[in-house]
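Report on the following structure.
The values are calculated or read from the model by the stated rules, or taken from the named source; none is laboratory data. Being a predicted model, the structure only gives us computed values, none of them experimental. As a convention, Cβ positions derive from the backbone with ideal geometry for all residues, glycine included, and neighbour counts pool all protein chains shown.
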Amino acid sequence: METHLTRLLAGDGFLKSFLDHLIEEIKIGDIGEEINEGILQWKHYFVIGDGIKVLLTDAIIVSWIAIGIMLLIFCSMARDPKIKPNKRQAFLEMLVDLVVTTAMSFGMNRKEAEHVAPMIGTIGIIIAGCNVISAFKLSPPAKNIAFPVAMALVAIVYVIYVSIRFVGFKGFWASMTSPMPALLPFKILDMIIKPCSLALRLFGNVFGAFVFMEFLYILVPVVLPAVFGLWFDLADGLLQAVVFSYLTMSYIGEIVEVGHEYHEHPELFEKKKKAKKAKETAPVAA
């Protein structure tokens, strides 16, 4: 049997072909060119109607694949809820309770925390799915700067909208002018910096991890990528989703907490205004 197998391998050139392929995989070529090829995104323009061009990129395709997979996973876990929860239902309830508790720690009441939980959870699930999908050798959408920027813009618009809904425009204005109206330009600048920070943090971490993993796949394509991938593809991808969601909740909490204080103790804010006016008019009276 061994003689027959040896003849078969030798006759068909299987062993030689296998060794040639293995050497080709291990052989280090132009590293810069190979990494550049991995970084560059695929894109294609579709023409609709009278010359209207629609851009389709790998980030869009992978995003919808990841969202579809995460949607199927969480829908299957959430279906058929029971009074006595099973393991998957208990896991989901634990996640929801974690989001609600974290939101309450930022100054939101229970009702407000339960209101923001679905949106915060959706943002976290989308980012987690789009990051973790790189473990299957698909380019993570966040390596395209458009994806983090879009997520950051959605987050900051939601922060402003839901904050005004919770505390009203007066409460929102109080948070922008507290502790003194002179800080208003800096608070506006802060609202511009926050989405930039969210986008650049997500892009930098995912892009850096992607380049590093591509480098490992080129240098050591067998063992090390699998080991490091546990962190850079899985753990770090989940961590970035948690950080993004956590910061979004904290931004809402910053506004809501001051807004609640304004509605509960408006006299404190009135005293600050009167004290400021008195300080401004004192030199004139003198």
Worksheet item: Among the residues of the stretch 129-146, which ones are within 14 Å of Q240 (Cα to Cα) and touching a Leu at 6+ places or on another chain (Cβ under 8 Å)?
Response: N131, V132, A142
Worksheet item: What is the residue count in the stretch 177-199 for residues that are surrounded by 15 or more Cβ atoms within 10 Å (Cβ to Cβ) and touching a residue at least 40 places away in the same chain (Cβ under 8 Å)?
Response: 5
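Could you pull out the residue among A182, A199, A209, A174 that is under 14 Å from the mean Cα position of the chain (by Cα) and modelled with pLDDT of 70 or more? Give the derivation first.
Numbers: A182 fails: under 14 Å from the mean Cα position of the chain (by Cα); A209 fails: under 14 Å from the mean Cα position of the chain (by Cα); A174 fails: under 14 Å from the mean Cα position of the chain (by Cα).
Exactly one of A182, A199, A209, A174 is under 14 Å from the mean Cα position of the chain (by Cα) and modelled with pLDDT of 70 or more, namely A199.
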Response to the item:
Of those in the stretch 46-58 that are exposed (fewer than 13 other Cβ atoms within 10 Å of the Cβ) and in contact with a strand residue (DSSP E or B) (Cβ under 7 Å, 6 or more places away or on another chain), the residue farthest from K143 (Cα to Cα) is I48
Discussion item. Let me spell it out: the conditions are (1) within 30 Å of E261 (Cβ to Cβ); (2) at pLDDT below 80; (3) of a type outside the set (K, R), and G229 meets all of them except one. Which number is the exception?
Written reply: (1)
Worksheet, complete the sentence: Considering the stretch 110-127, residues that are touching a residue at least 40 places away in the same chain (Cβ under 8 Å) and aliphatic (A, V, I, L, M), and then whichever is nearest to I73 (Cα to Cα), we arrive at I125
Response to the item:
Contact list, first residue from the stretch 203-216 and farther than 14 Å from A59 by Cα, second anywhere and part of a helix (DSSP H, G or I) and among the acidic types (D, E), beta-carbon distance below 8 Å, six or more apart or interchain, is N205/D236; A209/D233; A209/D236; M213/D233; E214/E34
Discussion item. Just the residues that are surrounded by 12 or more Cβ atoms within 10 Å (Cβ to Cβ), assigned to a loop (DSSP other than H, G, I, E, B) and of a type in the set (A, V, I, L, M, F, W, C), please, taken from the stretch 59-106.
Written reply: F106
Worksheet entry | E114 vs. criteria over 30 Å from F210 (Cβ atoms) and either surrounded by 15 or more Cβ atoms within 10 Å (Cβ to Cβ) or within 21 Å of the chain's Cα centre (by Cα) (or both) | yes
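Rundown of residues vs (1) in contact with a Pro (Cβ under 9 Å, 6 or more places away or on another chain); (2) on the phi > 0 side of the Ramachandran plot; (3) part of a helix (DSSP H, G or I), yes/no style:
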| position | (1), (2), (3) |
| --- | --- |
| A135 | no, no, yes |
| L138 | no, no, no |
| F147 | yes, no, yes |
| I156 | yes, no, yes |
| R165 | no, no, yes |
| W173 | no, no, yes |
